[in-house]
Every structure is written in C-alpha cells, then in structure tokens.
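A short worksheet on the structure shown next.
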C-alpha cells in the first residue's frame with residue numbers, strides 16, 4: 001500500500017470525528033521549533049579562552065565527531081534541518097560569537113560578532129533566537145551572577161545581558177522575524193541560605209537595569225527562565241518560578257518554562273493554560289528530565305504529548321514559542337537534534353489529530369466514561385500514516401530511513417574531523 005493510500009484511510013478514520021487532517025498539516029508546517037545550537041558541540045562555544053562548564057550544567061558522553069568550529073556546527077545543523085519537516089529557527093548562546101581570533105569579553109559583544117550566523121540564517125531562511133551566557137566564566141565561578149553581592153560582578157553581567165538584547169534586536173531586524181532573547185542564570189546556594197530575600201532584591205534590580213536599555217520590542221522579545229534547583233544550588237535558586245512569573249507579569253516580559261526545571265512530580269503541561277489566562281505569550285524549552293535536570297533527548301512520551309495537547313486544544317500555537325534544550329554527547333549529535341525535533345513536531349501533529357472539541361464537550365457534560373475511552377482509543381489511531389505522508393510531502397525521509405543519511409554524514413564528514 002502506498003503512503004498516499006495509507007494516508008487516505010487514516011484521514012477517513014479521523015474525519016469521522018470531525019478532524020480535518022489536510023488543514024492540520026497546513027497548520028503544522030507553519031509552526032517553527034527553535035532548535036538549540038549547543039547540542040552540536042556540547043555547549044563548548046567558540047570563545048578564545050574556553051572555560052569548563054559550570055552553573056550546574058554537565059554534558060556526558062564522548063561520541064566522536066562533535067563540531068569544533070562555527071563552520072562545522074552550521075554544517076551539522078544544516079544536515080539535521082534537512083531531515084526535519086518544516087521551516088524552523090536556531091537558538092544561539094553568546095559563547096557562539098565569532099571574533100576572528102580576538103578576545104572579546106562577554107560584556108563587549110556586538111552584532112558584528114554574529115554576522116556569519118545572520119548571513120547563514122538568511123541563506124537558509126531561518127529565524128534566530130538568543131541567550132546571554134551567564135555560566136562557564138570566572139565571574140560566575142562561585143555560582144552567582146546578577147544577584148552577586150559584588151556590584152562590579154553584577155555590573156559585568158548586566159552589561160552582558162544588555163549587549164545580548166541588542167544582538168537579539170539585530171537578529172530580528174535583519175531576518176524579519178523577532179528574536180526571543182532569554183535570560184537564565186545559575187544563581188543559588190548549595191545549602192540552606194540564611195537570607196533568601198536580599199539576593200532576589202539584587203536580581204530584580206539587575207533585571208530592571210537590563211530591561212531599561214532601549215531595545216526595539218518589534219525585533220527583540222525578552223524572556224526570563226526559572227529553575228527549581230541545580231547542581232551546586234540544590235537548596236536555593238534565586239530565580240525561582242514564582243520570582244520570574246511575578247516579574248514577567250508586572251513588567252510585560254515572557255516567562256520561559258524549561259520542562260527540566262521543576263520538581264519531578266510537576267508537569268509543565270499543567271501550567272500552560274493557567275499562565276495563558278494572564279500572559280499573552282509564553283515560551284518553552286522542551287527537554288526530557290531523568291530524575292534531575294539532565295536534559296535528555298526529547299522522546300514522544302506522555303508528557304510531550306500532553307504538552308502539545310495543551311497548546312493545540314487551547315488554540316495557543318501563536319502564543320507559545322516552542323524551543324528545545326537538551327545535550328547528549330553519548331550519541332551522534334546530529335541524530336539527537338533530528339530525533340528530538342521530529343518528536344516535538346510529531347507531538348503537535350498528534351494533538352491536532354485529536355477531536356479536542358468533542359472531548360471538551362464530554363467533560364462539560366460530565367461524560368467521563370466516554371472521554372477516557374476515546375482518549376485511550378485515539379492512542380492507536382493511524383497517526384503514523386499521517387506522519388509518514390507529511391514527511392514525504394515536506395521532502396524529508398520517511399520513518400527511520402533518515403538514519404541512512406546520518407550514517408553517511410557521520411562516516412564522510414564527522415569522523416574525519
């Protein structure tokens with residue numbers, strides 16, 4: 001049976017429940033996923049003086065062939081993008097600046113240090129997102145940055161974040177699509193603090209100074225990212241969810257939810273509908289935590305499907321900016337991008353093929369028996385046939401055949417580095 005024939009059979013099954021499959025595919029191809037560049041080189045970056053990872057961040061594994069230059073990293077991203085349906089975005093950190101052999105401190109970074117990235121993005125019709133890098137640096141060695149008691153250190157990181165917002169503005173202006181510039185800091189304490197308030201006051205004051213800098217909001221969108229705990233900040237994190245949620249609401253900034261930054265029994269999917277009642281937009285970094293914020297490659301698990309369902313059934317595709325954030329050096333890094341991004345898109349398609357309006361009405365009517373029965377039955381509906389057809393229609397490999405391209409690229413390119 002051909003892909004088209006399988007698709008038509010699947011379409012008939014879904015249309016019985018009022019799901020317009022053709023419309024779903026048209027919507028899906030317009031949803032961009034922001035793909036993080038740092039999976040490709042284990043968050044090494046291209047600074048002249050490279051620093052060991054810090055801030056509770058760790059990348060494990062030694063699979064051969066990681067990118068070591070900007071050209072290699074962009075080549076790897078292009079290969080991954082060729083295997084992923086749709087048009088997407090690339091998310092950069094400040095440490096991926098290209099300074100032509102000159103040492104440039106992070107608080108002195110300028111748009112010119114990212115001209116090659118912008119040129120590449122234009123050639124590939126991609127949007128760019130950005131993040132200041134407030135870790136892996138001697139001025140963050142004690143785990144404190146924007147909340148540091150030393151005013152000079154705070155000022156350094158404030159200036160770095162301002163410079164980053166201006167780089168984000170440059171991206172948005174040059175590429176014709178707004179850049180999401182997201183601030184995450186590692187600040188916190190390993191053991192129980194004697195004062196939780198003062199560091200948070202300093203963080204608030206630092207953020208106020210950062211956002212006071214004049215940046216065109218039509219080109220740059222500001223986001224702030226919370227965390228529950230990290231290695232080295234197990235007992236207290238200054239930028240908690242409550243802190244950033246309050247700051248974002250009061251100051252009209254986006255609150256970014258990283259799916260690995262909460263207690264293991266919390267689900268980010270449950271937060272989306274509540275937050276969208278009070279925020280016009282929010283942002284996501286989707287990863288897969290395993291026991292702690294370990295940022296495993298995204299798989300099509302229950303929480304990913306529920307995350308997508310919350311976005312789709314609440315008509316929030318234009319309100320939720322979806323990005324990825326994982327780093328696995330134990331497998332082929334291009335394959336990691338491909339697996340994780342395809343799974344995020346699969347989850348969105350799965351949500352679009354669910355009769356959400358009908359299921360909502362069952363809940364309103366108190367018909368919980370039929371609701372549960374249908375939710376479970378739809379898990380084995382012919383979703384795969386629709387996904388295969390979509391991949392073929394978008395000109396990317398169907399099913400696992402993309403692995404052949406990865407194996408050839410690894411042998412011809414990555415293993416020769």
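The values are calculated or read from the model by the stated rules, or taken from the named source; none is laboratory data. Worth saying up front: this structure is predicted, and the values here are computed from it rather than measured. Methodologically, a virtual Cβ is constructed for each residue, glycine included, from the backbone with ideal geometry; neighbour enumeration extends over all protein chains shown.
Structural remarks
- Test: residue in the range 340-363 that is outside any helix (DSSP H, G or I), within 24 Å of residue 407 (Cβ to Cβ), within 25 Å of the chain's Cα centre (by Cα) and modelled with pLDDT of 95 or more: no
- Selection status of residue 221, in contact with a helix residue (DSSP H, G or I) (Cβ under 6 Å, 6 or more places away or on another chain) and not in a loop (DSSP other than H, G, I, E, B): no
- The one condition in (1) modelled with pLDDT of 90 or more; (2) touching a strand residue (DSSP E or B) at 6+ places or on another chain (Cβ under 9 Å) that residue 62 fails to fulfil: (2)
- Top-ranked residue of the range 69-106 - restricted to ones that are in contact with a helix residue (DSSP H, G or I) (Cβ under 6 Å, 6 or more places away or on another chain) and part of a loop (DSSP other than H, G, I, E, B), ranked as farthest from residue 401 (Cα to Cα): 99
- Meets criteria (at pLDDT 95 or above, touching a helix residue (DSSP H, G or I) at 6+ places or on another chain (Cβ under 9 Å) and in a helix (DSSP H, G or I)) for residue 303: yes
- Which listed residue, of 39, 50, is within 30 Å of residue 106 (Cα to Cα) and in a helix (DSSP H, G or I): 39
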